[in-house]
1. Can you send over the solvent-accessible area of A:Arg67, 1.4 Å probe, protein chains only, in Å² to the nearest 10?
2. Which ³J(HN,Hα) values in Hz, rounded to whole numbers, follow from the phi angles of the stretch B:14-29 under the Karplus curve 6.51 cos²θ - 1.76 cosθ + 1.60, where θ = phi - 60° and Gly and Pro get x?
3. Per residue of B:41-49, what is the mean number of Cβ atoms on other protein chains within 10 angstrom of that residue's Cβ?
4. Quantify how strongly other chains surround peptide A:51-62 by giving the mean number of their Cβ atoms within 10 Å of each of its Cβ atoms.
5. Each label point is 7 Å from the Cα along the Cα-to-Cβ direction; what then is the distance between the points at A:Ala2 and A:Phe60, in nm?
6. Please express the shape of the stretch B:44-113 as an equivalent ellipsoid: the semi-axes are the square roots of 5 times the eigenvalues of the C-alpha gyration tensor, given largest first in whole angstrom.
7. Averaging sequence separations of C-alpha pairs under 8 Å and six or more residues apart, then dividing by the length of chain A, give the relative contact order as a whole percent.
8. Using a cut-off of under 16 Å, list every residue of the stretch B:39-63 whose amide N is near the label point 7 Å from the Cα of B:Ile18 along the Cα-to-beta-carbon line.
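The values are calculated or read from the model by the stated rules, or taken from the named source; none is laboratory data. Fair warning: this is a prediction, and the values are worked out from it, not measured in the lab. Positions of Cβ are backbone-derived with ideal geometry, glycine not excepted, and every protein chain shown enters the neighbour counts. Protein only, heavy atoms only, side chains kept; ligands, DNA and RNA dropped before computing areas. Shrake-Rupley method; radii C 1.70, N 1.55, O 1.52, S 1.80 Å.
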Amino acid sequence: KAGVTQTPRYLIKTRGQQVTLSCSPISGHRSVSWYQQTPGQGLQFLFEYFSETQRNKGNFPGRFSGRQFSNSRSEMNVSTLELGDSALYLCASSLAGQGGQPQHFGDGTRLSIL
Amino acid sequence: QQQVKQSPQSLIVQKGGISIINCAYENTAFDYFPWYQQFPGKGPALLIAIRPDVSEKKEGRFTISFNKSAKQFSLHIMDSQPGDSATYFCAASKAGGYNKLIFGAGTRLAVHP
């Protein structure tokens, strides 16, 4: 069974631009969560989608948004990029939309802002 | 608000030794506690997880010990190997709620041969 796939693996953008990251969950998984990983703040929850609905959102500005498609694939978008948005963005999928379910991570998209 | 505190920040263990990483949580609504292992350039990989109805869970060389009254849990890696050198994260979430994991700050483990 294929794991969680994130594309692209690396991305370089400049301040003020916007970016879209993609995540394909494990086949059959309906919940997709996004996390930001930085050396200073560690792993922080961005948002979770289940059945195309955002179920929960972390403490991030409105510039961070996402969506989920009917095939459970998800995208996240960051607009008006800032230097501080440089991070590893991780996607995790799980079978159900309940907490307490094993979540499996992809290898992330490394976003660098110049 | 840091809801999951992890220690130590870094750990050096000799091959064959026992690695112990500790975590403490504040929110008593948490009832699912996974541990993840992350290698450079890779995403976190789920190692083992525990729920508060058991005090210990073992999978191979990895054991989670859980102390509900103290709101603490720990990861023990027996017979540590150089291949175990990685960063380890504890996490917590509310079972029955949404899939929001609160992570500890991570422990960088180095196992020397």
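1. Looks like 130 Å² after rounding.
2. Computed from phi, the couplings for the stretch B:14-29 are 7, 3, x, x, 9, 9, 10, 10, 10, 9, 10, 10, 10, 7, 6, 7 Hz.
3. Numbers: counts 5, 4, 14, 11, 4, 6, 0, 0, 4.
Per-residue shielding by partner chains comes out at 5.
4. Numbers: counts 0, 0, 0, 0, 4, 4, 2, 2, 1, 0, 0, 0.
Going residue by residue through A:51-62 and averaging, the value is 1.
5. Here the modelled spin labels are 2.3 nm apart.
6. Numbers: eigenvalues 106, 44, 22 Å².
In descending order, the three semi-axes are 23, 15, 11 Å.
7. Details: 295 pairs, mean separation 41.7, N = 114.
Over chain A, the number comes to 37 percent.
8. B:56-63
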